[in-house]
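To start, the structure under review is shown below, and the notes come after it.
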Amino acid sequence: MSRAVRERRRRAAGVDKSLVGFLVGDIHYALDILRIREIVRPLPVLSMPHAPRAVVGVADHRGEVVTVLDVRRRFGLEPSGDGRAKWILVSVEGRTVGLAVDAVTAVLAASEVDHRPPPELGAGDAARGISSVISHQSGLVFVLDVDRVAAPARALDVPSLARSSTEEER
């Protein structure tokens, strides 16, 4: 089923947004499903020197060089290493970025009235990238702005990395 068909069905059902829920530590987060390309198991990663702390490195996903960002590190947590991790592949400025999360939980439906403003937590609010908060199953889910969360991935010039690795193979 195409993305456009899913979007029409979702609006017909009175749901303004479908979200993909995931865990980072014990906290529930979500992303707009329309920003997600795919959810995959982690792939081998090549570490990049001088990359921001949250950027794990780059990976080859079906011939595309993908920057991988560890959301735990992005939020100041230590890596979990428990083997449950998933990557949520999102589109950011025409490039694919892999967001490494602890676990993907569910697809959530939320109308516009379900979205409340995020709490003001002081310095770093913009860096956290929380766009809204919804209630789900008697708990809170923080809806993230993909562009703000994936901002450290922009520091790597992935297109030139892909070109130089292709030239080296010749």
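The values are calculated or read from the model by the stated rules, or taken from the named source; none is laboratory data. Remember, it's a predicted structure, so these values are computed and weren't measured experimentally. Surface areas here come from the heavy atoms of the whole protein model, side chains and all, with no ligands, DNA or RNA. Shrake-Rupley method; radii C 1.70, N 1.55, O 1.52, S 1.80 Å.
One table, with the values for the structure above:
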{"read-out": "Average accessible surface area per residue within segment 25-113, 1.4 Å rolling probe, Å²", "value": "53 Å²"}
{"read-out": "Whether segment 20-90 is rounded, prolate or oblate, judged on the alpha carbon gyration tensor where a/c under 1.5 counts as rounded", "value": "oblate"}
